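Visitor: Encoded as structure tokens, here's the structure I'll be asking about.
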Amino acid sequence: MQPYWKKLYRNKGAVAGLLVIAIAVFISITAYFIAPDHTPNANRMVLEIEGQHPGFRIHMLAVWKEQPVQKGSFYSRLLYGQESDFTWIPIRSWQFRDSVLVVQRYVDESTSREETYSLAKIWYATPPEHPLSAKALQEDIQKERIFSRTYWLGTDKFGRDILSRLLIGTRVSLGVGCIAVVISLSIGVLLGAVAGYFKGRTDDVVMWLVNVVWSMPTLLLVFALTLALGKGFWQVFIAVGLTMWVGVARIIRGQVLAIRELEYVEAARALGYGHVRIIVKHILPNIMGPVMVVAAGNFATAIVVEAGLSFLGVGVQPPQPSWGLMIKENYNFIITHNPLLALAPGIAIMLLVLAFNLLGNGLRDALDVRSKI
């Protein structure tokens, strides 16, 4: 028999799903470095350019902020981004007049406003002892402070870059899936293994608890836990994880009930091994196939549940980017002039959920000993 990974490799759907997941993981790790907007939560607002179409292009003037920005370390920028030193001002045109810059500031598609800025205030954060000449300042500002910016997926109603928020939102979807799977597997494997191994009254108590939780609507239970734990980033992770363990427990219980009667388990008992060792060393390693399949399915379910919670306003809170929250903020554009603002995060959710479902199906086939090699 060939190794399981070779069977998985032959499943093109599973390979495609694994590739999408690998790309999503890479994006989530390097999001703040590859996103056009490097500010925390990709929350740079330019209100004048709100709700723009994909591919919208405009010139920006970068002006020093009044308060200096503290620079973070490499790991701080990797995890949280870096606040910008500059305020971006959208402009239509500009011209230099001696020691000032006169711009036509973009207000909307048909309106602009003339504004004047000192060249020294644009170029210097603090006045130097020997400033450059006006001509030198004009050349440097033209090269460094005035630039063209393209919003490849458009801007939302606050003038934020949709592409940047979409990339950084990958962290939320993968994070909630990972935490939910860890919580659900920890609780489900423990209770399912205990119920299946000891049977009797222990099994009755565990299955009563499973049936009680199973009878509650998942979304309603998540609402209750979210309201009890509070709205926030980590709270939604825990709430989703605490609602997904029942399916794991039922599957593990059934697997353990079948395996506990096999000869090698009876031999382990005859040798005097303890219950914990038998469960951990002899039973659980032989049922990891179904566990991996369930984990992939739970990962996909957690992504959908988190997106639904954020859309309803009880999940991840602004300005933290979440795909469900992005749909909520921009869904009114679907019936107006720019539907892609809401469709882009929806397509991202669909692709990631499909990837995990394809991987789960591939794992199921690869780990099925009754399937053809």
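The values are calculated or read from the model by the stated rules, or taken from the named source; none is laboratory data. All values reported here derive from a predicted model rather than from experimental measurement. With ideal geometry, Cβ positions are generated from the backbone for all residues, glycine too; neighbour counts draw on all protein chains shown. SASA here: full protein model, heavy atoms, side chains in, ligands and nucleic acids out. Shrake-Rupley method; radii C 1.70, N 1.55, O 1.52, S 1.80 Å.
Visitor: Go through the stretch 80-100 and give me each residue that's out of contact with any His (no Cβ under 9 Å at 6 or more places or on another chain), open to solvent by less than 50 Å² (accessible area, probe 1.4 Å) and closer than 29 Å to ALA35 by Cβ.
Guide: ASP85, PHE86, TRP88, ILE89
Visitor: Can you tell me which of GLY51, GLY17 is open to solvent by less than 20 Å² (accessible area, probe 1.4 Å), within 13 Å of ARG160 (Cα to Cα) and either outside any strand (DSSP E or B) or among the aromatic types (Phe, Trp, Tyr) (or both)? Full working, then the answer.
Guide: Numbers: GLY17 fails: within 13 Å of ARG160 (Cα to Cα).
Among GLY51, GLY17, only GLY51 is open to solvent by less than 20 Å² (accessible area, probe 1.4 Å), within 13 Å of ARG160 (Cα to Cα) and either outside any strand (DSSP E or B) or among the aromatic types (Phe, Trp, Tyr) (or both).
Visitor: Could you tell me whether any residue of the stretch 176-191 is among the polar types (S, T, N, Q), in contact with a Phe, Trp or Tyr (Cβ under 9 Å, 6 or more places away or on another chain), closer than 25 Å to ASP37 by Cβ and surrounded by 17 or more Cβ atoms within 10 Å (Cβ to Cβ)?
Guide: no
Visitor: Go through the stretch 20-48 and give me each residue that's out of contact with any Gly (no Cβ under 6 Å at 6 or more places or on another chain), crowded, with 20+ Cβ neighbours inside 10 Å and outside any helix (DSSP H, G or I).
Guide: ALA35, ASP37, ARG44
Visitor: If you check PHE74 against the conditions, is it of a type in the set (Phe, Trp, Tyr) and touching a Phe, Trp or Tyr at 6+ places or on another chain (Cβ under 7 Å)?
Guide: No, not satisfied.
Visitor: Also, quick follow-up: Report every pair of residues separated by at least 6 positions or lying on different chains whose Cβ atoms are under 6 Å apart, first residue within the stretch 66-88 and closer than 17 Å to SER164 by Cβ and basic (Lys, Arg), second surrounded by 15 or more Cβ atoms within 10 Å (Cβ to Cβ) and at pLDDT below 90.
Guide: none
Visitor: Based on this model, can you work out whether PHE26 counts as modelled with pLDDT of 95 or more and either of a type in the set (Phe, Trp, Tyr) or over 26 Å from the mean Cα position of the chain (by Cα) (or both)?
Guide: Values: modelled with pLDDT of 95 or more: yes; either of a type in the set (Phe, Trp, Tyr) or over 26 Å from the mean Cα position of the chain (by Cα) (or both): yes.
For PHE26, the condition - modelled with pLDDT of 95 or more and either of a type in the set (Phe, Trp, Tyr) or over 26 Å from the mean Cα position of the chain (by Cα) (or both) - is met.
Visitor: Please enumerate the residues belonging to the stretch 90-101 that are modelled with pLDDT of 95 or more and of a type in the set (Val, Ile, Thr).
Guide: Within the stretch 90-101, ILE91 is the sole residue that qualifies.
Visitor: Considering only the stretch 302-326, state which residues are of a type in the set (Val, Ile, Thr) and within 14 Å of the chain's Cα centre (by Cα). Spell out how you get there, then give the answer.
Guide: Step one: list which residues in the stretch 302-326 are of a type in the set (Val, Ile, Thr), which gives 303-305, 314, 316.
Once the filter is applied, which keeps residues that are of a type in the set (Val, Ile, Thr) and within 14 Å of the chain's Cα centre (by Cα), the stretch 302-326 yields ILE303, VAL304, VAL305, VAL316.
Residue-wise test of (1) among the basic types (Lys, Arg); (2) closer than 30 Å to ALA31 by Cα; (3) within 22 Å of the chain's Cα centre (by Cα); (4) at pLDDT below 85.
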residue: GLY175; (1), (2), (3), (4): no, yes, yes, no
residue: CYS178; (1), (2), (3), (4): no, yes, yes, no
residue: ILE187; (1), (2), (3), (4): no, no, no, no
residue: ALA193; (1), (2), (3), (4): no, no, no, no
residue: ASP204; (1), (2), (3), (4): no, no, no, no
residue: TRP208; (1), (2), (3), (4): no, no, no, no
residue: ALA228; (1), (2), (3), (4): no, no, no, yes
residue: ILE238; (1), (2), (3), (4): no, yes, yes, yes
residue: THR243; (1), (2), (3), (4): no, yes, yes, yes
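Visitor: Give me a count of the residues in the stretch 58-79 that are open to solvent by 20 Å² or more (accessible area, probe 1.4 Å), of a type outside the set (S, T, N, Q) and not in a loop (DSSP other than H, G, I, E, B).
Guide: Number satisfying all stated conditions: 8.
Visitor: Let me ask something else. Output the residue which, of all residues in the stretch 109-141 that are within 20 Å of THR87 (Cβ to Cβ) and assigned to a loop (DSSP other than H, G, I, E, B), is most open to solvent (accessible area, probe 1.4 Å).
Guide: Among those residues, the one meeting the criterion is PRO127.
Visitor: Being buried (at least 18 other Cβ atoms within 10 Å of the Cβ), touching a Gly at 6+ places or on another chain (Cβ under 7 Å), within 25 Å of ARG165 (Cα to Cα) and of a type in the set (A, V, I, L, M) is the requirement here; does ILE303 meet it?
Guide: Details: buried (at least 18 other Cβ atoms within 10 Å of the Cβ): yes; touching a Gly at 6+ places or on another chain (Cβ under 7 Å): yes; within 25 Å of ARG165 (Cα to Cα): yes; of a type in the set (A, V, I, L, M): yes.
Yes; evaluated as a whole, the condition is true for this residue.
Visitor: Here is a follow-up. Looking at the structure I just gave you, is VAL353 modelled with pLDDT under 90, open to solvent by 10 Å² or more (accessible area, probe 1.4 Å) and farther than 23 Å from GLY159 by Cβ?
Guide: Details: modelled with pLDDT under 90: no; open to solvent by 10 Å² or more (accessible area, probe 1.4 Å): yes; farther than 23 Å from GLY159 by Cβ: yes.
When the stated conditions are applied, VAL353 does not pass them.
Visitor: If you check ASN298 against the conditions, is it within 30 Å of VAL189 (Cα to Cα) and free of Cβ contacts under 8 Å to residues at least 60 places away in the same chain?
Guide: Criteria not met by ASN298.
Visitor: Follow-up. How do the helices (runs of 4 or more DSSP H) wholly within the stretch 254-373 filter down when requiring 2 or more residues that are small (Gly, Ala, Ser): which remain?
Guide: Fully inside the stretch 254-373 and qualifying: 263-270, 288-312, 340-366.
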